[in-house]
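> The structure's right below; bear with me while I get my questions together.
The values are calculated or read from the model by the stated rules, or taken from the named source; none is laboratory data. Everything numeric in this text was worked out from a predicted model, so none of it was measured. Cβ placement follows ideal geometry from the backbone for every residue including glycine, while neighbour counts extend to all protein chains displayed. Only protein heavy atoms, including side chains, enter the accessible area calculation; ligands, DNA and RNA are left aside. Shrake-Rupley method; radii C 1.70, N 1.55, O 1.52, S 1.80 Å.
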Amino acid sequence: MERAFALAEAAGRQGEVPVGALIVREGEVLGEGWNRPISEADPTAHAEVVALRAAASRLGNYRLTGATLYVTLEPCAMCSGAIIHARLARVVFGAFDPRTGAAGSVLEVLNTNRLNHRVDITGGVLQAATAAQLQQFFRARR
């Protein structure tokens with residue numbers, strides 16, 4: 001999670017909302033990324049999607065079975081859908097997102113019985129630090 005926090009700092013320095021993510025399997029980092037929708041003019045370039053793309057490209061497979069995603073902010077519905085399609089085993093996130101969180105805060109996408117895959121979720125890891133990082137970013141922009 002500390003690496004995800006550092007990736008989020010990189011996003012913030014580039015004027016992006018500071019969210020960082022990495023995907024790990026058996027102790028090996030498969031892919032990482034940070035928010036880039038502004039710089040890439042791509043609404044899908046959330047940290048989670050960037051990390052998923054990097055991991056899938058590295059493995060030559062869009063299925064990332066057995067992998068864990070570490071991300072500084074609770075995934076949104078779009079990212080949660082991508083996580084399910086990639087068949088990630090687990091998501092560990094920092095700050096809860098009371099506006100768009102899809103891992104239990106607003107929606108429950110990752111564990112719904114209505115889909116064909118469920119993901120183990122651990123939320124609130126380094127929550128104070130990740131929430132403060134986001135708050136400081138938005139405070140500075142106002």
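> Only four residue types carry charge here, +1 at the Cβ of Lys and Arg and -1 at the Cβ of Asp and Glu. Report the dipole size of the chain about the Cα centre in Debye, rounded to the nearest 20.
160
> Take residue 90 and residue 77, extend 7 Å from each Cα along the Cα→Cβ direction, and tell me the distance between the two endpoints in nm.
Distance between the two pseudo-spin positions: 2.9 nm.
> For Cα pairs less than 8 Å apart in space and 6+ apart in sequence, what is the mean separation divided by the residue count of the chain, i.e. the relative contact order in percent?
Rounded, it is 19 percent for the chain.
> Just want the answer: with Cβ charges of +1 for Lys and Arg and -1 for Asp and Glu, which residue in 73, 11, 111 is farthest toward the dipole's positive end in the chain?
Farthest towards the positive end: 111.
> Between 115, 126, 30, which gets the highest mean-square fluctuation from a Gaussian network model of the chain, Cα cutoff 10 Å?
115
> Turning to a different aspect of this structure: Over the Cα atoms, compute the radius of gyration (one decimal) and Dmax (the largest Cα-Cα distance, rounded to a whole number) for the range 30-80, in Å.
In Å, with Rg to one decimal and Dmax whole: 10.8, 31.
> Please state the Cα pair-distance histogram of the chain with 10 angstrom bins from zero: what percent is in each bin?
P(r) over the chain, rounded to whole percents: 13, 47, 33, 6, 0.
> For the chain, which whole-number percentage of the solvent-accessible area (1.4 Å probe, protein heavy atoms only) is attributable to carbon and sulfur atoms?
Carbon and sulfur together cover 51 percent of it.
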